[in-house]
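Read the structure below first, then the notes.
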């Protein structure tokens, strides 16, 4: 039997076992359907960054760092600063992560977090203007250190925590004075994402890696206190009512997690 066929058989067996536990109203790991794993956030995890945070959801760990620099603004936004979000799925975090340039999962991860931060208007980009042709750029870098499932939600949480930890740099002329700050960044909103997967007919919050492997549908919904700021649908399909129900769950869980920040 080939390795690919073995993986397919094992995946089918795992899914059958999960469907059996879900039929009883509980999950493979004993959680409720809408229950997150234990969550923790450590701000200031990197002393060399202008802001940082380590977010853990269960065994999944994501480190976020904020760094400011001087840049040329985009031609269509000459009075706004530049926000750039990057992500890296470190090979040490999971057997499924490989070294090399960012793959589609890494690109999708960065885009989801970037869209959540932008749409939430978390950072006032106009406040990053220095003078004509010169603005401050904000680099938000995400590193998945350990992956046991749902690194997207851990990444959004780490990003919001790092931005709330960030200090605004001192600027003299058109240069940043490294190590000197004029005060906190004070983000105007803190987006939190909630990822749900559908297995059979059941929706689960905060999927483990095993649940992600057998999912029939996936959706990530990022919210602020007042509105949905990003939605990303993965494989599969869902009804309008399922979407509305999942948005309600995202608002509820988002409020609970945001209180930690």
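Things worth noting here:
- Elements of type strands (runs of 3 or more DSSP E) in the stretch 123-195, at least 3 residues being under 17 Å from residue 40 (Cβ atoms): 134-146
Here is a yes/no grid of residues against (1) over 29 Å from residue 69 (Cα atoms); (2) in contact (Cβ under 8 Å) with a residue 12 or more places away in the chain; (3) surrounded by fewer than 17 Cβ atoms within 10 Å (Cβ to Cβ); (4) out of contact with any helix residue (DSSP H, G or I) (no Cβ under 8 Å at 6 or more places or on another chain):
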residue	(1), (2), (3), (4)
164	no, yes, no, yes
182	no, yes, yes, yes
194	yes, yes, no, no
203	yes, yes, no, no
208	yes, yes, no, yes
242	yes, yes, yes, yes
246	yes, yes, no, yes
259	yes, no, yes, yes
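- Filtering the stretch 182-198 for residues that are more than 20 Å from the chain's Cα centre (by Cα) and under 30 Å from residue 28 (Cβ atoms) leaves an empty set.
- Single residue of 93, 49, 55 found to be under 25 Å from the mean Cα position of the chain (by Cα), modelled with pLDDT of 95 or more, under 21 Å from residue 150 (Cβ atoms) and surrounded by 14 or more Cβ atoms within 10 Å (Cβ to Cβ): 55
- Odd one out for residue 220, checked against (1) over 11 Å from residue 156 (Cβ atoms); (2) buried (at least 19 other Cβ atoms within 10 Å of the Cβ): (1)
- Subset of the stretch 225-240 that is within 20 Å of residue 108 (Cβ to Cβ) and loosely packed, with under 12 Cβ neighbours inside 10 Å - its residue that is nearest to the chain's Cα centre (by Cα): 235
The values are calculated or read from the model by the stated rules, or taken from the named source; none is laboratory data. Nothing here was measured: the structure is a model prediction, and the numbers come from that model. Ideal geometry is used to build each Cβ from the backbone, glycine not excepted, and the neighbour counts take in all protein chains shown.
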